[in-house]
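**Q** If you scroll down you'll find the structure; I have some questions about it.
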Amino acid sequence: MRSISLDYTHSFIEDYELENIKEYVNIAHNMLHDKKGPGSEYTGWVNYPKEFDIDEYERVKLASEKIRKNSEVFIVIGIGGSYLGARACIEALNHNFYNMLTSEKRNGPEIYFVGNNVSSSYILELLELIDGKDISINTISKSGTTTEPAIAFRIFKEYIEEKYGKEEAKNRIYITTDSEKGALKELASKEGYETFTVPDDIGGRYSILTSVGLLPIAVSGLNIDEIMNGAKDGMEEYGVLDLDKNYSYQYAAIRNVLYRKGKEIEMLTSYEPSLFYLQEWWKQLFGESEGKDLKGIYPSSASFTTDLHSLGQLIQDGRRNIFETVINIEEPKVDMILKEDKENLDGLNFLSGKTIDFVNKKAFEGTLMAHTSGGVPNIILNIEKMNEYNFGKLIYFFEKSCAISGYLLGVNPFNQPGVEEYKKNMFKLLGKPGY
Ligand code: PA5
């Protein structure tokens, strides 16, 4: 039994449809593995779980231990692929109220993300929140020139230098950036900050398993060895050139068939609110990889049951252009049995003896029945348990399917010309020299 499995029996896709696309999936696989497809210079993530730089990996562990010892607060500065993966992992695997726990219970620093917007109140209120606490910061930017993290870094660098003095600040500032170029690299070398690299051949949205994601994840106390083990097994399992056996390729193929049938919106849903940022990470991965050349499935997300009370109506009865992919966590982290109530004023005694997760699963089954009866294809991704191992494997599952899906669509899944366009315009409007 595999710890992650795909069930497409509710997707309205017949086996012959998958059979028809098999040949194209094989071509996409070869393009990716032989580095013959567009964007092949950014496919370093394909073999990364087995070929990563072990020295840098050990430095990540050492730095994370140091930060866990000397900091009450850890600030992660980055945007897009430079923060979504770390946040996705930290929120999916830690306590739902991690930052609000007592320090004994949390057993690690509070972790906040900044530099992913340009809101003055967000930045200033964060500074207010952390005042008086010992902090370290990790600025992450592959290009080293992105405006949002650059502004936040300037502010937090000044804060940390004023608080500790320039020398001690060096012990508390960590930079993750390109190995050679960019303003951040230059600054880090000049100031002598500990620096980690974003590999040249891995783009931002595929970088979670590098130091980009691993340093913040390790600081939160999670076991990064297990994450990499899961990714390594994912690399094996999702490297098999056989559509009948490879769930990652099945997911890519089904999405493609559905897209060609007019399903232009995919909604990634989950019944665990802690997966909110995993859904955000997935949106960036698929949105930036596929949304180009006037093509692409619009990736959206919903958190159930919460959003069944807002978006449920539209999914059930609106235009038939949506399909859903449900992340179903089979075993919750913790659970609780509902007790009998003497008065039974709410009439819920019929549930006594059942667990909360039992109710959650019935909500999932009921929603699946409703939405499929409304003609909405559902793909189900069953995950035995959300732990470090399965998280690493799931990341690789999505990355691999996204690359195959992009090639099936006929786009370069590794560039992001649209994002660059906005960045350039913003520089121009702000009066940056040279733009
Ligand atoms: O996937 C990408 O490459 C982008 O979304 C980047 O992650 C994002 O724009 C941040 O860029 P940088 O890491 O260069 O600051």
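The values are calculated or read from the model by the stated rules, or taken from the named source; none is laboratory data. All of these numbers come straight from a predicted model, not from anything done at the bench. Backbone-built Cβ (ideal geometry, glycine too); neighbour counts: all protein chains shown. SASA here: full protein model, heavy atoms, side chains in, ligands and nucleic acids out. Shrake-Rupley method; radii C 1.70, N 1.55, O 1.52, S 1.80 Å.
**Q** Which members of segment 107-123 meet the condition of being away from the ligand (no atom under 16 Å from the Cβ), buried (at least 19 other Cβ atoms within 10 Å of the Cβ) and assigned to a loop (DSSP other than H, G, I, E, B)?
**A** Those that are away from the ligand (no atom under 16 Å from the Cβ), buried (at least 19 other Cβ atoms within 10 Å of the Cβ) and assigned to a loop (DSSP other than H, G, I, E, B): Gly108, Pro109.
**Q** Taking segment 132-148 as the search range and keeping residues that are more than 23 Å from Leu278 (Cα to Cα) and at pLDDT below 95, which one is nearest to the ligand (Cβ to nearest atom)?
**A** Looking at the filtered set, the residue picked out is Ser143.
**Q** For segment 187-202: of the residues being buried (at least 19 other Cβ atoms within 10 Å of the Cβ) and within 13 Å of the ligand (Cβ to nearest atom), which is nearest to Val76 (Cα to Cα)?
**A** If we take residues in segment 187-202 being buried (at least 19 other Cβ atoms within 10 Å of the Cβ) and within 13 Å of the ligand (Cβ to nearest atom), then Phe196 is nearest to Val76 (Cα to Cα).
**Q** Looking at Asn425, Asn390, Asn360, can you tell me which residue is free of Cβ contacts under 8 Å to residues at least 24 places away in the same chain and assigned to a helix (DSSP H, G or I)?
**A** The match here is Asn425.
**Q** Between Arg68, Arg2, Arg59, which is closer than 27 Å to Glu226 by Cα, surrounded by fewer than 21 Cβ atoms within 10 Å (Cβ to Cβ), modelled with pLDDT under 95 and not aliphatic (A, V, I, L, M)?
**A** Arg2
**Q** For segment 332-357, which residues satisfy the criterion of being without any contact (Cβ under 8 Å) to a residue 12 or more places away in the chain and surrounded by fewer than 14 Cβ atoms within 10 Å (Cβ to Cβ)?
**A** Val334, Asp341, Lys342, Glu343, Asn344, Leu345, Asp346, Gly347, Leu348, Phe350
**Q** Another question, then. Could you please find all residues in segment 414-433 being touching a Phe, Trp or Tyr at 6+ places or on another chain (Cβ under 8 Å) and either open to solvent by 70 Å² or more (accessible area, probe 1.4 Å) or among the polar types (S, T, N, Q) (or both)?
**A** Residues satisfying the conditions are Asn415, Lys424, Lys428.
Per-residue answers, yes or no, for (1) in a helix (DSSP H, G or I); (2) within 16 Å of the ligand (Cβ to nearest atom):
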site	(1), (2)
Leu258	yes, no
Ser274	yes, no
Trp281	yes, yes
Pro299	no, yes
Arg319	no, no
Phe323	no, no
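**Q** Additional query: Scan segment 301-317 for residues that are part of a helix (DSSP H, G or I) and not hydroxyl-bearing (Ser, Thr, Tyr) and jot them down.
**A** Asp307, Leu308, His309, Gly312, Gln313, Leu314, Ile315, Gln316, Asp317
**Q** Considering only segment 124-140, how many residues are open to solvent by 10 Å² or more (accessible area, probe 1.4 Å) and either within 14 Å of Val76 (Cβ to Cβ) or in contact with a Lys or Arg (Cβ under 7 Å, 6 or more places away or on another chain) (or both)?
**A** Total meeting the criteria: 1.
**Q** Here is a follow-up. Name the residue that is farthest from the ligand (Cβ to nearest atom), counting only residues in segment 203-222 that are part of a helix (DSSP H, G or I) and within 20 Å of Lys50 (Cβ to Cβ).
**A** Across segment 203-222, the extreme among qualifying residues is Ala218.
**Q** Tell me which residues, restricted to segment 157-186, are within 14 Å of the ligand (Cβ to nearest atom), in contact (Cβ under 8 Å) with a residue 24 or more places away in the chain and open to solvent by 30 Å² or more (accessible area, probe 1.4 Å).
**A** Lys181, Ala183, Lys185
**Q** Could you go through segment 18-31 and let me know if any residue there is hydroxyl-bearing (Ser, Thr, Tyr) and within 23 Å of the chain's Cα centre (by Cα).
**A** No: segment 18-31 contains no residue that is hydroxyl-bearing (Ser, Thr, Tyr) and within 23 Å of the chain's Cα centre (by Cα).
**Q** Continuing with the same structure: With respect to Ser71, is the statement that it is in contact with a Pro (Cβ under 9 Å, 6 or more places away or on another chain) and farther than 18 Å from Phe196 by Cα true?
**A** Here the answer is yes, as Ser71 does meet what is asked.
**Q** Checking the conditions here, which among Asn99, Asn94 is polar (S, T, N, Q), more than 16 Å from the ligand (Cβ to nearest atom) and either within 16 Å of the chain's Cα centre (by Cα) or surrounded by 18 or more Cβ atoms within 10 Å (Cβ to Cβ) (or both)?
**A** Asn94 is the lone residue from the list that is polar (S, T, N, Q), more than 16 Å from the ligand (Cβ to nearest atom) and either within 16 Å of the chain's Cα centre (by Cα) or surrounded by 18 or more Cβ atoms within 10 Å (Cβ to Cβ) (or both).
Yes/no matrix, rows are residues, columns are (1) out of contact with any helix residue (DSSP H, G or I) (no Cβ under 8 Å at 6 or more places or on another chain); (2) more than 27 Å from Ser248 (Cα to Cα); (3) in a helix (DSSP H, G or I):
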position	(1), (2), (3)
Leu285	no, no, yes
Lys339	yes, yes, no
Val376	no, no, no
Leu381	no, no, no
Glu384	no, no, no
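**Q** Within segment 1-100, considering only helices (runs of 4 or more DSSP H) that don't extend past its boundaries, which have at least 1 residues that are out of contact with any Phe, Trp or Tyr (no Cβ under 9 Å at 6 or more places or on another chain)?
**A** Helices (runs of 4 or more DSSP H) meeting the threshold: 15-33, 48-51, 54-70.
**Q** Something else now. Please go through segment 278-306 and give me each residue that is open to solvent by 40 Å² or more (accessible area, probe 1.4 Å), closer than 28 Å to Asn94 by Cα and more than 16 Å from the chain's Cα centre (by Cα), ordered by number.
**A** Thr305, Thr306
**Q** Considering only segment 206-259, how many residues are open to solvent by 40 Å² or more (accessible area, probe 1.4 Å), touching a residue at least 12 places away in the same chain (Cβ under 8 Å) and farther than 30 Å from Val73 by Cα?
**A** Total meeting the criteria: 5.
**Q** Kindly indicate whether Gly182 is on the phi > 0 side of the Ramachandran plot, at pLDDT below 95 and more than 19 Å from the chain's Cα centre (by Cα).
**A** For Gly182, the condition - on the phi > 0 side of the Ramachandran plot, at pLDDT below 95 and more than 19 Å from the chain's Cα centre (by Cα) - is met.
**Q** Taking Val411 and the conditions (1) hydrophobic (A, V, I, L, M, F, W, C); (2) open to solvent by less than 10 Å² (accessible area, probe 1.4 Å); (3) over 17 Å from Met267 (Cα atoms); (4) not in a loop (DSSP other than H, G, I, E, B), which numbered condition does it fall short on, given that it satisfies the others?
**A** Of (1) hydrophobic (A, V, I, L, M, F, W, C); (2) open to solvent by less than 10 Å² (accessible area, probe 1.4 Å); (3) over 17 Å from Met267 (Cα atoms); (4) not in a loop (DSSP other than H, G, I, E, B), only one is false for Val411: (4).
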